[in-house]
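Heads up: the structure comes next, in structure tokens.
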Ligand code: SF4
């Protein structure tokens, strides 16, 4: 086991303890815990939020408009990938969940966040499609814990990048160590309160700094925009989508080309 994997396992073990310590019958998921711990600097706020219902489904507050755009872009990109690979005579499938064995296909794509692309039972590359302007850096950070390359497509700005966790190991170790230390403080009751801008949207009334809260603030699942912003957003989306799809598919195939595709194809045909 390498040191990154050891740090990751250590973190997950601590998160399981933290989750079990959460009050109430409905425990948050490990991912929800991680999102909250990574999102806030103030550990008093994190402690307060542990076990609160909003930890259970952070996507509930994600505007459906962006999710639908992202799903649509993903569909277009996977369609193009299937066409390109099938044209090369490869047996391609898109699945919604991981079967016990992906090896009977030359290429198996597991749809999800991120999508995973397999050849011969090995994950070769992952693909994350973003349709909103923002980027979730906590999520990106977490994606770097796995070893396969991550292709990030940001449709609205027409950007496609490939991140190679193997080349970012020093950062991944640094990030995992810091998260481990933060969770240690939460587990030992030594959380650091950090008064500042996070107080504006904090409901921790037991904290002496809670008077800094903006009392008119309410959460909303709707991200509002003007007609001009909506117009621009939609036009940019459709203007960029074909370029982003082609670039993303080229980068995926670049990764798949590192395995002898035709040999894999022939071997699989022999098994049928
Ligand atoms: S009020 Fe401010 S300092 Fe207190 S827990 Fe909330 S964010 Fe932290």
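At a 10 Å Cβ-Cβ cut-off, how would you order 206, 159, 192, fewest neighbours first? Display every interim value, and only then the final one.
Numbers: 206 9, 159 15, 192 12.
If I rank by nearby Cβ atoms, fewest first, I get 206, 192, 159.
The order of 82, 69, going from fewest to most other C-beta atoms within 10 Å of their C-beta, is 82, 69. Taking label positions 7 Å along the Cα-Cβ direction at both residue 79 and residue 205, the computed distance is 5.2 nm, reported to one decimal.
Label-to-label distance, residue 65 versus residue 188, with points set 7 angstrom from Cα along the beta-carbon direction: 4.7 nm.
Extent of segment 158-214 along its three principal axes (Cα atoms, max minus min coordinate, largest first): 45, 37, 13 Å.
Coordinate range of the alpha-carbon atoms in segment 59-177 per principal axis, descending: 41, 35, 26 Å.
Using r as the Cβ-Cβ distance of residue 229 and residue 168, and R0 as 51 Å, what FRET efficiency do you calculate, to the nearest 0.05? Please list the in-between numbers first.
Working: r = 34 Å, r/R0 = 0.67.
With R0 = 51 Å, the Cβ-Cβ based efficiency is 0.90.
Readers should treat all values here as calculations from the given coordinates under stated rules, not as data from a laboratory. Please read these numbers as outputs of a predicted model, since none were measured by experiment. Neighbour counts are summed over all protein chains in view; Cβ atoms, including those assigned to glycine, are modelled from backbone coordinates with ideal geometry.
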